Amino acid sequence: MTSPLAQDLADFSTRLLSQDLDQRLQSVVAAYAGQRIVFSTSLGAEDQLVTEVIARLKLPIDIFTLETGRLFAETLSLLDETEQHYNIHIQRFRPDPQALKAYVDHYGLNGFYDSIELRKQCCGIRKVEPLNRALSGADIWITGLRQQQSAFRQNLDFLQQDRDRQLIKFNPLLDWTQEQLWQTLKARQVPVNPLHNKGYPSIGCEPCTRAIKPGEDERAGRWWWENPQQSQQECGLHVAQPCSNNEGNQNDTKANP
Ligand code: SF4
């Protein structure tokens with residue numbers, strides 16, 4: 001896909017601001033008709049709502065998830081339940097077996113607790129490389145990111161260019177509040193992960209996710225043993241790459257499963 005102008009994306013983002021979620025997704029599908037649009041779901045609450053819209057409106061969007069091998073049993077059950085509930089297929093992308101074996105042989109199954117570097121290596125093998133495979137050939141990548149989720153997600157826009165992956169990232173729930181999200185999920189009877197009711201607003205791999213305490217950041221339960229200022233509590237799927245030109249920041253300055 002030819003790189004869109006930064007101003008075009010900014011103008012489109014401004015138009016999306018006044019639209020509801022259905023309209024936002026429909027607008028992007030119409031604007032990028034004929035191009036490959038994919039949605040990555042971690043089966044989290046936000047992603048479940050986006051899946052509901054895609055399924056209900058029968059939008060031409062491929063849905064995939066990263067099956068890391070360390071997910072909660074509840075998440076895996078929800079994956080099957082969601083497919084049955086909406087009569088859709090969610091493609092699974094798994095880690096490269098050889099890379100995974102080499103990591104585990106060298107550092108152990110839970111080597112990620114030993115350092116931020118080893119944690120990022122594990123995320124790289126179990127998430128980032130499979131994600132890059134899943135996004136290969138895609139033009140638009142839809143996420144369920146919201147600004148309210150963490151300080152690192154404040155600077156996102158609805159549409160922004162991911163130069164490293166040569167695609168456009170679309171965050172249709174960006175300005176949604178947690179209250180708005182849960183009201184809508186309940187009203188539409190969307191299946192959600194039972195762990196949300198046990199203090200897990202953000203759910204990733206089981207050994208790297210804990211329940212949060214009242215008042216904590218929504219992502220405080222992710223990689224809780226790390227210093228958040230050093231790790232950004234992100235797994236590398238959405239973290240910014242330095243912007244090397246003067247067109248403004250088209251990558252995330254903040255940005256799962
Ligand atoms: S979240 Fe934890 S288990 Fe999952 S890929 Fe990252 S380090 Fe590995």
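The values are calculated or read from the model by the stated rules, or taken from the named source; none is laboratory data. Remember, it's a predicted structure, so these values are computed and weren't measured experimentally. With ideal geometry, Cβ positions are generated from the backbone for all residues, glycine too; neighbour counts draw on all protein chains shown.
Which of the residues spanning region 132-148 are assigned to a helix (DSSP H, G or I) and either touching a helix residue (DSSP H, G or I) at 6+ places or on another chain (Cβ under 8 Å) or within 11 Å of the ligand (Cβ to nearest atom) (or both)?
Gln147, Gln148
Please specify each residue of region 111-123 satisfying the condition of being over 15 Å from the mean Cα position of the chain (by Cα) and either surrounded by 14 or more Cβ atoms within 10 Å (Cβ to Cβ) or not hydroxyl-bearing (Ser, Thr, Tyr) (or both).
Scanning region 111-123 gives Gly111, Phe112, Tyr113, Asp114, Ile116, Glu117, Leu118, Arg119, Lys120, Gln121, Cys122.
Scan region 194-208 for residues that are away from the ligand (no atom under 16 Å from the Cβ) and of a type in the set (S, T, N, Q) and jot them down.
Hit for region 194-208 is Asn197, nothing else.
Name every residue in region 149-184 that is in a helix (DSSP H, G or I) and closer than 16 Å to Asp20 by Cα, in order of residue number.
Gln178, Glu179, Gln180, Leu181, Trp182, Gln183, Thr184
Any chance you could count how many residues in region 192-203 are assigned to a loop (DSSP other than H, G, I, E, B) and either modelled with pLDDT under 95 or more than 18 Å from the chain's Cα centre (by Cα) (or both)?
Residues meeting the conditions: 5.
Would you tally the residues in region 28-45 being in contact with a Phe, Trp or Tyr (Cβ under 8 Å, 6 or more places away or on another chain) and either aromatic (Phe, Trp, Tyr) or part of a helix (DSSP H, G or I) (or both)?
4
Just give me the residues in region 10-52 being crowded, with 18+ Cβ neighbours inside 10 Å, in contact with an Asp or Glu (Cβ under 8 Å, 6 or more places away or on another chain) and not polar (S, T, N, Q), in sequence order.
Ile37, Val38, Phe39, listed by residue number.
For region 163-185, which residues satisfy the criterion of being closer than 28 Å to Glu216 by Cβ and out of contact with any Phe, Trp or Tyr (no Cβ under 8 Å at 6 or more places or on another chain)?
Leu173, Asp175, Trp176, Thr177, Gln178, Glu179, Gln180, Leu181, Trp182, Gln183, Thr184, Leu185
Phe72: at pLDDT below 95 and of a type in the set (A, V, I, L, M, F, W, C), yes or no?
no
State the number of residues belonging to region 99-130 that are more than 11 Å from the ligand (Cβ to nearest atom) and closer than 14 Å to Thr68 by Cα.
Of the residues in region 99-130, 2 are more than 11 Å from the ligand (Cβ to nearest atom) and closer than 14 Å to Thr68 by Cα.
Being under 16 Å from the mean Cα position of the chain (by Cα), assigned to a loop (DSSP other than H, G, I, E, B) and either surrounded by fewer than 13 Cβ atoms within 10 Å (Cβ to Cβ) or among the polar types (S, T, N, Q) (or both) is the filter here; which residues of region 53-110 pass it?
Of everything in region 53-110, just one residue is under 16 Å from the mean Cα position of the chain (by Cα), assigned to a loop (DSSP other than H, G, I, E, B) and either surrounded by fewer than 13 Cβ atoms within 10 Å (Cβ to Cβ) or among the polar types (S, T, N, Q) (or both), namely Thr68.
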